[in-house]
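One structure below.
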Amino acid sequence: MSNAVMDKPPVTVPPSGNTLKQPRLPRWAPAGLALLSAGAGAGAGLAFGLASRVQWGLIAAIVYVAATYALTTAVEGRRQAKDRLATSLIWVSFLVAVLPLASLIWETIARGTKVLDGYFLTHSMSGVITLQPGGGIYHAIIGTIEQVGIATLIAAPIGLLTAIYLVEYGRGKLATAVTFFVDVMTGIPSIVAGLFVLSFWIIILDFGYSGFAGAMALAILMMPIVVRSTEEMLKLVPNELREASLALGVPKWRTILKVVLPTAIGGITTGVMLAVARIAGETAPILLLVFGAQSINNNPFEGAQSSLPYYVYEQWANGNEASYDRAWAAALVLIAFVMILNLVARGIARWKAPKTGR
Amino acid sequence: MDIAPTASAAPKNPPPKGPSGKDSATRPGDRIFLGLSRGSGIALLVIMAAIAVFLTWRTLVALAENEGNFLTTFEWSANADPPVFGIAVLAYGTIVSSIIAMVLAVPVAVGIALFISHYAPRRIATPMAYVVDLLAAVPSIIYGLWGALFLVPHLTGLYEWLDQFFGWTGVFAYNGGAPRSLFTVGILLAIMILPIVTNVSREVFKQSPKMQEEAALALGATRWEVVRMAVLPFGRSGVISASMLGLGRALGETMAVATVLSPNFLINASLLNPGGGTFAQNIAAGFKEAGDIGRDALIASGLVLFVITLLVNGAARLIIARRKEYSGANA
């Protein structure tokens with residue numbers, strides 16, 4: 001496309017006294033202005049005795065945007081000035097957004113490493129007075145692994161088969177309805193999923209609080225994510241593979257099991273792992289259905305358990321320094337778990353990406 | 001697929017029917033497999049229906065006991081005798097905090113999306129997109145912990161500044177005390193929905209027609225003019241649906257609100273003074289003390305939240321569905 005544009009004969013310009021070249025700011029101008037405005041921000045901050053570094057940064061950003069606009073208008077004209085204004089606003093919005101997110105990660109790591117050690121990972125809170133340091137997250141890790149494991153066992157097969165139905169068989173009204181409600185289901189707030197299991201499992205069927213009840217709510221949250229990601233992956237499998245297999249007389253179900261699924265297995269694994277990472281951080285259903293416990297309970301089908309996100313909430317609610325330390329440490333473990341799962345999942349996706357045959 | 005090859009290979013057999021879906025479904029293996037996969041699809045629909053049915057059932061039980069007006073009562077005494085509760089304050093708090101979050105997050109998210117898709121050099125853009133993906137995965141309880149223990153103490157300065165210059169409006173009046181208000185909740189929710197709004201918008205911007213962009217450049221447009229004339233009009237519906245997906249998430253957020261907000265059952269004219277509540281926060285905070293009717297009352301408020309998020313998400317999906325190429329489900 002761009003070649004076609006380039007190939008056009010150059011437009012002849014009537015000769016005039018003016019040079020065609022617009023005056024432009026030198027290349028180093030933005031960097032120079034940035035330095036200058038950073039200086040202005042720091043200077044103003046010092047002069048007015050502003051304590052917060054964020055205010056310094058804001059002053060510098062405003063000075064930079066204003067100065068760039070004024071200077072460019074003077075030298076290059078209005079249109080170029082607007083362009084530079086937009087560029088600097090977009091850079092500023094990017095920096096503004098990165099700031100809180102970087103702070104979140106930094107705070108979690110800095111405060112979390114304080115009490116995080118081998119003892120913390122291998123002991124429960126049984127018999128620990130909340131005001132005192134000590135105790136650990138062993139019971140919460142057990143709870144998270146069991147609840148997330150059961151949820152995956154429920155949600156992954158249903159999600160996988162639904163996606164197969166949508167891609168390989170789905171025509172007509174049922175498929176349209178399933179697609180739409182899977183989309184809508186992605187947006188169900190986790191607390192609503194928790195309330196549903198509460199109303200039907202605990203209030204109406206009269207079972208007690210247990211890890212399994214929480215796992216059911218997590219499974220509801222997990223299903224639509226698995227369906228969507230698996231669907232995307234199955235759609236990437238080239239039709240030629242299916243046709244070749246069917247032409248050899250292989251039944252459709254064997255084609256799906258032996259040709260389609262193995263081709264897409266990398267992406268499907270990634271999708272399931274991302275879904276696991278998503279539900280591992282859910283607190284609200286655990287709060288409603290698992291109830292929280294201080295000591296180790298290995299049986300997910302009976303009695304209250306704990307879980308990592310619930311533990312963070314519980315320790316925060318205790319409201320004293322020793323508990324805050326434990327909350328940060330557990331948050332660090334949780335964030336590390338989720339991030340590692342994410343990175344591994346994306347690694348698998350890249351490693352096993354299906355060849356699209358093009 | 002003509003008769004000729006079959007006729008020459010096996011003239012005595014009847015000609016095989018074409019490999020249509022109907023035909024292969026007659027094999028037992030195929031029937032079982034189709035049944036299983038269609039069954040799972042139906043199971044999903046049944047779960048959605050069951051959620052609606054069971055929540056409605058408990059809501060009716062709760063409403064029968066309620067002595068107040070469910071929609072207009074400014075009180076939540078569901079455990080008292082007789083129980084009195086209403087969702088007015090919760091609806092107000094949920095909507096106000098989500099709107100604050102949208103107003104703060106959407107422009108910034110569009111900025112970041114443009115930054116990644118059109119402004120940043122490729123070497124920065126790819127890792128940036130990756131980092132935004134990872135941030136979408138941070139559990140909400142960690143945002144909540146950070147919000148309560150880091151953000152809240154650091155907002156006092158901003159609150160005093162707002163009070164000093166905009167306090168006269170009444171909306172930004174601040175009486176001191178810890179800034180655990182709906183405004184703080186809005187800021188925290190904005191930070192939380194930033195990644196998802198960014199992800200979906202970025203996908204849309206990336207698909208804006210290259211030819212129009214190049215044509216605009218060839219006519220001498222600056223980069224901003226290209227964005228304004230070729231990228232933004234194309235991406236408008238995508239940005240709207242991205243914002244609504246973000247809104248859906250903000251409406252249903254539980255733990256981050258429960259840790260940051262200091263709730264009470266008053267509607268406060270000022271956004272900066274503690275007070276108000278949201279549906280999800282009220283459920284999380286009131287659940288452990290709730291008796292039988294209290295639990296049903298909380299389920300009733302949960303049903304309202306469910307319906308609201310259903311409407312918002314359904315609308316967002318319908319807008320997205322008009323352009324099949326992108327969907328935010330994996331964002």
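The values are calculated or read from the model by the stated rules, or taken from the named source; none is laboratory data. Small disclaimer: the values here were computed from a predicted structure and weren't measured. Please note: Cβ atoms are built from the backbone with ideal geometry, for glycine as well, and neighbour counts cover all protein chains shown.
Descriptive notes on the structure:
- Breaking point among (1) in contact with a strand residue (DSSP E or B) (Cβ under 9 Å, 6 or more places away or on another chain); (2) surrounded by fewer than 20 Cβ atoms within 10 Å (Cβ to Cβ); (3) charged (D, E, K, R), for A:Glu146: (2)
- Check on A:Leu131, crowded, with 18+ Cβ neighbours inside 10 Å, more than 13 Å from every other protein chain (Cβ to nearest Cβ), part of a loop (DSSP other than H, G, I, E, B) and not acidic (Asp, Glu): no
- Those residues of region A:272-285 which are more than 8 Å from every other protein chain (Cβ to nearest Cβ) and under 16 Å from the mean Cα position of the chain (by Cα), in sequence order: A:Val272, A:Met273, A:Ala275, A:Val276, A:Ile279
- Of all the listed residues (B:Val131, B:Val110, B:Val106), the sole one being assigned to a helix (DSSP H, G or I) and modelled with pLDDT under 90 is B:Val131.
- With a requirement of 1 or more residues that are of a type outside the set (S, T, N, Q) and surrounded by 23 or more Cβ atoms within 10 Å (Cβ to Cβ), the helices (runs of 4 or more DSSP H) lying completely within region A:182-267 that satisfy it span A:190-197, A:211-236, A:252-255.
- Matching residues in region A:197-219 - criterion: being modelled with pLDDT under 90, away from chain B (no Cβ under 13 Å) and out of contact with any Phe, Trp or Tyr (no Cβ under 6 Å at 6 or more places or on another chain): A:Gly208
- Residue check for A:Gly303: modelled with pLDDT under 90, surrounded by fewer than 23 Cβ atoms within 10 Å (Cβ to Cβ) and either under 29 Å from A:Leu161 (Cβ atoms) or within 11 Å of another protein chain (Cβ to nearest Cβ) (or both): no
- Within region B:160-187, being of a type in the set (Phe, Trp, Tyr) and either over 16 Å from B:Gly276 (Cβ atoms) or in contact with a His (Cβ under 6 Å, 6 or more places away or on another chain) (or both) holds for B:Trp161, B:Phe165, B:Phe166, B:Trp168.
- Filter result for the condition that a residue is surrounded by fewer than 23 Cβ atoms within 10 Å (Cβ to Cβ), within 21 Å of the chain's Cα centre (by Cα) and of a type outside the set (D, E, K, R), over B:Ala136, B:Ala113, B:Ala125: B:Ala136
- Qualifying residue in region A:158-167 (condition: in contact with a helix residue (DSSP H, G or I) (Cβ under 7 Å, 6 or more places away or on another chain) and under 27 Å from A:Asp325 (Cα atoms)): no
- The selection criterion, being surrounded by fewer than 21 Cβ atoms within 10 Å (Cβ to Cβ) and not basic (Lys, Arg), does not hold for A:Glu314.
- Selection status of A:Gly292, more than 8 Å from chain B (Cβ to nearest Cβ) and either among the aromatic types (Phe, Trp, Tyr) or farther than 20 Å from A:Val192 by Cα (or both): no
- Residue in region B:209-219 that is within 14 Å of another protein chain (Cβ to nearest Cβ), aliphatic (A, V, I, L, M) and assigned to a loop (DSSP other than H, G, I, E, B) present: yes
- Residue match in region A:91-110 (condition: modelled with pLDDT of 75 or more and more than 13 Å from every other protein chain (Cβ to nearest Cβ)): no
- Residue within region B:212-231 that is touching a Lys or Arg at 6+ places or on another chain (Cβ under 9 Å) and in contact (Cβ under 8 Å) with a residue 24 or more places away in the chain present: no
- Residues of region A:157-195 satisfying the condition of being among the small types (Gly, Ala, Ser) and under 29 Å from A:Leu288 (Cα atoms): A:Gly159, A:Gly187, A:Ser190, A:Ala193, A:Gly194
- Within region B:171-208, the set of residues being among the hydroxyl-bearing types (Ser, Thr, Tyr), assigned to a loop (DSSP other than H, G, I, E, B) and crowded, with 22+ Cβ neighbours inside 10 Å comprises B:Tyr174, B:Ser181.
- Only a single item in (1) within 30 Å of B:Gly220 (Cβ to Cβ); (2) modelled with pLDDT of 65 or more; (3) exposed (fewer than 12 other Cβ atoms within 10 Å of the Cβ); (4) not aliphatic (A, V, I, L, M) is not met by A:Ser2, and it is number (2).
- Region A:143-165, residues that are more than 7 Å from chain B (Cβ to nearest Cβ), free of Cβ contacts under 8 Å to residues at least 40 places away in the same chain and either within 20 Å of A:Ala264 (Cβ to Cβ) or charged (D, E, K, R) (or both): A:Pro157
- Complete set of residues in region B:260-307 that are touching an Asp or Glu at 6+ places or on another chain (Cβ under 7 Å) and surrounded by fewer than 24 Cβ atoms within 10 Å (Cβ to Cβ): B:Phe265, B:Ile293
- Tally, over region A:166-187, of residues that are among the β-branched types (Val, Ile, Thr), touching a residue at least 24 places away in the same chain (Cβ under 8 Å) and more than 7 Å from chain B (Cβ to nearest Cβ): 1
- Matching option when the condition is touching a residue at least 40 places away in the same chain (Cβ under 8 Å), assigned by TED's automatic domain parsing to the domain that holds A:Met216 and not aliphatic (A, V, I, L, M), among A:Trp328, A:Trp316: A:Trp328
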